[in-house]
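Notes follow once the structure below has been shown.
Each reported figure results from applying straightforward, stated rules to the coordinates on display, with no laboratory input. As the structure is a prediction and not an experimental result, all values here were calculated from the model. Ideal geometry is used to build each Cβ from the backbone, glycine not excepted, and the neighbour counts take in all protein chains shown.
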Amino acid sequence: MRAPGGRSQRLSLSARLSGRVRLEAHGNGAIVAIIDGYAVELGAFSQAAWGAVRELATGLPLASLAPEGGSTAKEVDVLVRRLAGLGLLEYRAGYSLKSGEDLLVIEPQVAGYWPQTAELNGADWIILSRFAYMHRRETAMVLESPCASALFQIHDPKAASFVAMLSAPQQIGKLRKQEGFPGMEFLGLLVDCKMAFKTQEGARSGLRWAEGDNDLVLWDFHDLLFHTRSTEGRHANAVGGTYPHGGMIPQPPAERPSWPGEKIDLCPLLKSGPEAGLPIVKLLRERVSIRAFDDRRPVTLAGLSQFLDGSARAVMRKLGGKGDKDFPPGLFPPYATGGASYELELYLAVGVCEGLPRGFYHYDCRAHALVPIEVPAQELKAMLERASSTMGTQAAPQILITIAARFGRVAWKYSALAYSLILKDVGILTQNLYLMATAMDLGGCAIGLVNIDNFEKLTGIGFHTEGPVGQFALGRCAPLKETS
Ligand SMILES: Cc1cc2nc3c(=O)[nH]c(=O)nc-3n(C[C@H](O)[C@H](O)[C@H](O)COP(=O)(O)O)c2cc1C
């Protein structure tokens, strides 16, 4: 935004509580955040700090934070950063922060986001990320990207048109001279957030290769968006069984209405067929999801070895169909994958297993061995607890298997359908895990919701390189409750 006379104004940022959060001060000085009815303790603070943080209802200027200031200023800084760490703040940005005059509102998508502006100067060229997109959300225009740790509600149409101009490389010095230029800080926020990136002068080709590492190059736009928006950790939308349309649209019926043609009854044929009584049929019919486990009788290491050997161990075999040239015999896991990519890896969070220390392990399916990975005990506990809450149970699974994908294995070959193939592969491996658990009289349950940010923090592997796409809780079944 250029003020009259052509002088650029500075963008001011202020933090405010996101819509679903309010703060309460308790008699003992404790400040508590109430999030959708849940209370989170933030610590004890002075009356003066409480007075100052009440500004978070409308907007507390970030420039007023003074970590090196007096005791109240320090407390306010601690509290604001604690709220940011929990992802409970959003940030207003404008040239005057009176209500209704925001240029944009930044909504963090990853806990811990803090607005920063990348260093830019007039000679730099920048371009929009190929993953960034603008769309209407209710009555706001939002700029989002699966690579970004925040989204931008853009309130000023002129700023939105500058974003659109970044579809081609732009030199900042030239952009700056244009009417309605939204300011260097605006561009700095976009670059810091990976909505835009610095590029070479006038670069027109090879832009896909200029952004990020090779693992990012391999992703199609829709696949990365699907991955990040259908998991937890990199967006702030509601996720899971929230019944968003309950009460408005009836659920489609469990049973599909029959087609009108005359039915050919297959049942009488079963009695005489050679397949009658096959063990696989018995196994398939006995398979069931088990969510309660008996920790007094944990799975043993020998049992786990047998479970992994049967369900996921790579063994010498010849892949069918395509002939030896395409798929020479080799070590392959015992399930099908699109294009024989074998991109899936198993990671085990072991809560309790007789003969195996509690910890986090990678399963090396070729060596049939577990490789320990050092992770903080708190994180392991949280991971197991999250799994039990997703299953709606009290006790954590004895072993939580995370199915992770090395995305590039599939995306290197397939255009458009790489991620959908991966999810189909997960379904096939999951059925192996279910059937092996059933055959061994163990209990298991698939878990659909995974947190990709936690996995990245736990393993240090970028979320776009290798990440969770499914989970399976495993344990020895709790005894059935006696029915009276
Ligand atoms: C892809 C997938 C995701 C699932 N996610 C969950 C989950 O997050 N929590 C849960 O308790 N059960 C989960 N389940 C288990 C289903 O609820 C279960 O399969 C279904 O209720 C049918 O019961 P059955 O498996 O005993 O036949 C999942 C199953 C599948 C196949």
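Okay, here's what the table says:
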{"read-out": "Distant-in-sequence amide H partners of residue 477 (H built 1.01 Å from N, under 5 Å)", "value": "294, 443"}
{"read-out": "Burial ordering of 445, 477, fewest other beta-carbon atoms within 10 Å first", "value": "477, 445"}
{"read-out": "Calculated from backbone phi, Karplus (6.51, -1.76, 1.60) coupling profile of the range 198-204 in Hz, x at Gly/Pro", "value": "6, 9, 7, 3, x, 4, 10"}
{"read-out": "Scattering curve values for the range 19-86, log₁₀ I(q)/I(0), Debye with Cα scatterers, q = 0.17 Å⁻¹", "value": "-0.56"}
{"read-out": "Cut-off under 5 Å, modelled amide H: who pairs with residue 353 long-range", "value": "none"}
{"read-out": "Unit charges on C-beta of K, R, D, E only; dipole of the range 277-475, Debye", "value": "520 debye"}
{"read-out": "Spin-label model distance (nm) - residue 309 vs residue 46, 7 Å beyond Cα toward Cβ", "value": "6.7 nm"}
{"read-out": "Alpha carbon convex hull of the chain, volume per residue in cubic angstrom", "value": "247 Å³"}
{"read-out": "Chain lengthening between residue 242 and residue 287 when straightened (0.36 nm per residue, less Cα-Cα)", "value": "13.5 nm"}
{"read-out": "Ranked list, fewest to most other Cβ atoms within 10 Å of each Cβ, for 209, 114, 219, 259", "value": "259, 209, 114, 219"}
{"read-out": "DSSP bridge orientation in the chain - percent antiparallel, rounded to nearest 5", "value": "95 percent"}
{"read-out": "With Cα atoms, 0 to 90° folded angle of helix 377-390 axis to the chain main axis", "value": "70 degrees"}
{"read-out": "24 Å Cα-Cα threshold exceeded, pairs from 194/424; 318/413; 174/198; 194/457; 158/198; 74/381", "value": "194/424; 74/381"}
{"read-out": "In degrees, nearest ten, helix 301-311 long axis to first principal axis of the chain (Cα)", "value": "90 degrees"}
{"read-out": "Diffusion constant of the range 72-162 at 37 °C, which comes from Stokes-Einstein with the Kirkwood Cα-pair radius and 0.692 mPa s, µm²/s", "value": "221 µm²/s"}
{"read-out": "Efficiency of FRET from Cβ geometry, residue 249 and residue 68, R₀ 45 Å, rounded to 0.05", "value": "0.25"}
{"read-out": "Cα-based helix-to-principal-axis angle, 71-85 vs the chain, degrees rounded to 10", "value": "40 degrees"}
{"read-out": "Ascending count of other beta-carbon atoms within 10 Å, so fewest first, for 72, 430", "value": "72, 430"}
{"read-out": "Phi to ³J(HN,Hα) by Karplus 6.51 cos²θ - 1.76 cosθ + 1.60 over the range 127-134, Hz, x for Gly, Pro", "value": "8, 5, 5, 6, 9, 7, 8, 10"}
{"read-out": "Helix-only mean residue ellipticity at 222 nm for the chain, each DSSP H run of n ≥ 4 adding -39500 (n - 2.57), per residue, nearest 500", "value": "-8000 deg cm²/dmol"}
{"read-out": "Cut-off under 5 Å, modelled amide H: who pairs with residue 103 long-range", "value": "93, 94, 95"}
{"read-out": "Residue 358 versus residue 381: modelled label distance in nm, points set 7 Å from Cα along the beta carbon direction", "value": "0.7 nm"}
{"read-out": "Under the Karplus curve 6.51 cos²θ - 1.76 cosθ + 1.60, θ = phi - 60°, whole-Hz ³J(HN,Hα) for the range 457-463, x wherever Gly or Pro sits", "value": "5, 5, 9, x, 9, x, 4"}
{"read-out": "Simple spin-label estimate for residue 256 and residue 300 in nanometres, 7 Å along Cα-Cβ", "value": "4.6 nm"}
